[in-house]
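Shown next, in structure tokens, is the structure this report addresses.
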Amino acid sequence: MVSQIPKMQWAQVFEKTGGPLEYKQIPVKQPGPDEVLINIKFSGVCHTDLHAMNGDWPLALKLPLVGGHEGAGVVVAKGELVKDIEIGDHAGVKWINGSCLACDFCQQSDEPLCPHALLSGYTVDGSFQQYCIAKAAHVARLHKDIPLDAVAPVLCAGITVYKGLKESGARPGQTVAIVGAGGGLGSIAQQYARAMGLRVIAIDAGDEKKKMCLEQLGAESFVDFSTSKDLVKDVKAATEDGLGPHAVILVAVTEKPFQQAAEYVRPRGVIVCIGMPAGAYLRAPVFESVVKMITIKGSYVGNRKDTSEALDFYRRGVIKCPFKVVGLSELKMVYDKMRAGTIAGRYVLDTSK
Ligand code: 8ID
Ligand code: ZN
Ligand code: ZN
């Protein structure tokens, strides 16, 4: 098996924040004692990867860097301490590449909060390469009956929105507004919300995303933020009693919707912030926040249990992620479309092209 692993591989690399991206050959690395080497077949492209290349966040990244954290593939090598995953198994590289497993947060299965967490495609090289290393304890276990292209977006977008929906506390029959509904996280969020018995108001822009949300993803209504004259009024009006949604899942990449949500969320409602626009601040009127008893919180990816649960929803066939496959060589084109906000759903890269 090991002899089939090449010495060199194709990867998308950038040397400094701001780019440019270079599609080139780099060496394949050997896994450490507690690591696996995964032959990545497909990798989703998350807006986080673009934030990383732009240097949008106040968190240092590894340079030069191979981005990517929605990588699905096959285990081809493993370190001597790895006992519970075998060569030939299917596995996924997610944002949390590894964590210390010993700190206060890791002890409570809150490993995204681990101060020593390794982040795929950010502090360690990620899945925009053909052979990627990850800590065995954290790789997602993928059943062999799951197609590797379709499942890739679940490895970040799916886990994150599933966790965010749980954090919202919304119960079956209640209504959730998904802000940024036509993007990668937003489109999958509608599917998880439906599978969890929630009613969905989708908020985004343009006819392509509107059609996708209403006809494919199960939203009951769509509010176009680019044409609405009074967004707060339109979102409230989309609920039967006009009192607004019980929860708001913010997955947009601009600041404005983070300032608006408190105005349309229902009294006792919960606003879950997931998108991370560069330099953005939250703002909510104190008076309304108090008298409406609003909760505003952040939600950050998911732990290993959220991962297996999110994958289980997918495996049971109740989640369909809209995705388009292009070659790994075409990442720059995907980033151009992402910057323009014209991607409906997710792009998935085929690492063989
Ligand atoms: O763990 C986390 N918190 C986590 C995990 C994964 C991703 C957070 N994220 C973050 C990303 O870093 C990014 O900031 O979630 C955000 C969304 O990622 P994405 O879904 O991969 O991005 P996208 O596919 O570009 O979709 C964004 C959508 O937002 C819409 C756009 O039209 C697009 O469809 N949008 C914008 I820009 N402004 C909007 C507005 N005012 C809006 N939708 C509604 N109202
Ligand atoms: Zn992501
Ligand atoms: Zn830890």
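The values are calculated or read from the model by the stated rules, or taken from the named source; none is laboratory data. Values in this document were obtained by computation on a predicted structure and should not be read as measured data. Neighbour counts are summed over all protein chains in view; Cβ atoms, including those assigned to glycine, are modelled from backbone coordinates with ideal geometry.
Considering the stretch 271-293, and only residues there that are surrounded by 12 or more Cβ atoms within 10 Å (Cβ to Cβ) and aliphatic (A, V, I, L, M), the residue that is nearest to the chain's Cα centre (by Cα) turns out to be ILE274.
Taking the stretch 35-49 as the range and being in a helix (DSSP H, G or I) and either within 8 Å of ligand 1 (Cβ to nearest atom) or touching a strand residue (DSSP E or B) at 6+ places or on another chain (Cβ under 6 Å) (or both) as the test, the residues that pass are HIS47, THR48. Looking across the stretch 170-221, just one residue is surrounded by 24 or more Cβ atoms within 10 Å (Cβ to Cβ) and over 23 Å from PHE258 (Cα atoms), and that is LEU217. Flag not set for VAL223, criterion: near ligand 1 (Cβ under 10 Å from one of its atoms), at pLDDT 95 or above and in contact with a His (Cβ under 8 Å, 6 or more places away or on another chain).
Of everything in the stretch 101-117 that's surrounded by 19 or more Cβ atoms within 10 Å (Cβ to Cβ) and either polar (S, T, N, Q) or within 15 Å of ligand 2 (Cβ to nearest atom) (or both), which residue is farthest from the chain's Cα centre (by Cα)? My answer is ALA117. Candidates LYS163, LYS135: the one that is of a type in the set (D, E, K, R) and within 16 Å of ligand 2 (Cβ to nearest atom) is LYS163. If you go through the stretch 273-305 and keep only what is within 16 Å of ligand 3 (Cβ to nearest atom) and either among the hydroxyl-bearing types (Ser, Thr, Tyr) or touching a helix residue (DSSP H, G or I) at 6+ places or on another chain (Cβ under 8 Å) (or both), you end up with TYR300, VAL301, GLY302, ASN303, ARG304. Please verify whether the stretch 145-154 includes one or more residues that are more than 20 Å from the chain's Cα centre (by Cα), surrounded by 14 or more Cβ atoms within 10 Å (Cβ to Cβ), of a type in the set (D, E, K, R) and assigned by TED's automatic domain parsing to the domain that holds PRO322. Checked against the condition, which is being more than 20 Å from the chain's Cα centre (by Cα), surrounded by 14 or more Cβ atoms within 10 Å (Cβ to Cβ), of a type in the set (D, E, K, R) and assigned by TED's automatic domain parsing to the domain that holds PRO322, the stretch 145-154 yields no hits at all. The residue list PRO153, PRO147, PRO172 contains one member that is within 24 Å of MET53 (Cβ to Cβ) and not hydrophobic (A, V, I, L, M, F, W, C), which is PRO153.
Among the residues that make up the stretch 33-41, is at least one of them closer than 30 Å to VAL253 by Cα and in contact with a Gly (Cβ under 9 Å, 6 or more places away or on another chain)? Among the residues of the stretch 33-41, at least one is closer than 30 Å to VAL253 by Cα and in contact with a Gly (Cβ under 9 Å, 6 or more places away or on another chain), which makes the answer yes. Determine whether the stretch 73-86 contains at least one residue that is within 16 Å of ligand 1 (Cβ to nearest atom) and within 18 Å of the chain's Cα centre (by Cα). Checked the stretch 73-86: no residue is within 16 Å of ligand 1 (Cβ to nearest atom) and within 18 Å of the chain's Cα centre (by Cα). Just so you know, in the stretch 7-52 the residues that are charged (D, E, K, R) and touching a helix residue (DSSP H, G or I) at 6+ places or on another chain (Cβ under 9 Å) include one that is surrounded by the fewest Cβ atoms within 10 Å (Cβ to Cβ), and it is LYS41. Restricting attention to the stretch 87-100 and to residues that are among the small types (Gly, Ala, Ser) and within 16 Å of ligand 1 (Cβ to nearest atom), the residue that is nearest to the chain's Cα centre (by Cα) turns out to be GLY92.
Conditions (1) in the same structural domain as HIS47 (by TED's automatic domain parsing); (2) within 22 Å of VAL93 (Cβ to Cβ); (3) not polar (S, T, N, Q), marked per residue:
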residue	(1), (2), (3)
ALA170	no, no, yes
THR175	no, no, no
ILE178	no, no, yes
GLY183	no, yes, yes
ARG194	no, no, yes
GLY206	no, no, yes
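For the stretch 302-353, taking the residues that are β-branched (Val, Ile, Thr) and within 20 Å of ALA202 (Cβ to Cβ), the one that is farthest from ligand 2 (Cβ to nearest atom) is identified as VAL318. Checking the stated criteria, MET276 turns out to be touching a residue at least 60 places away in the same chain (Cβ under 8 Å), touching a His at 6+ places or on another chain (Cβ under 7 Å) and assigned by TED's automatic domain parsing to the domain that holds LEU198.
Applying a threshold of 8 Å to beta carbon distances and a minimum spacing of six or more residues, or different chains, the list of pairs starting in the stretch 251-266 at a residue that is over 20 Å from LYS163 (Cα atoms) and ending at one that is in a helix (DSSP H, G or I) and more than 9 Å from ligand 1 (Cβ to nearest atom) reads GLN260/VAL232; ALA262/GLU288; ALA262/SER289; GLU263/VAL232; GLU263/GLU288; TYR264/VAL232; TYR264/VAL235; TYR264/LYS236.
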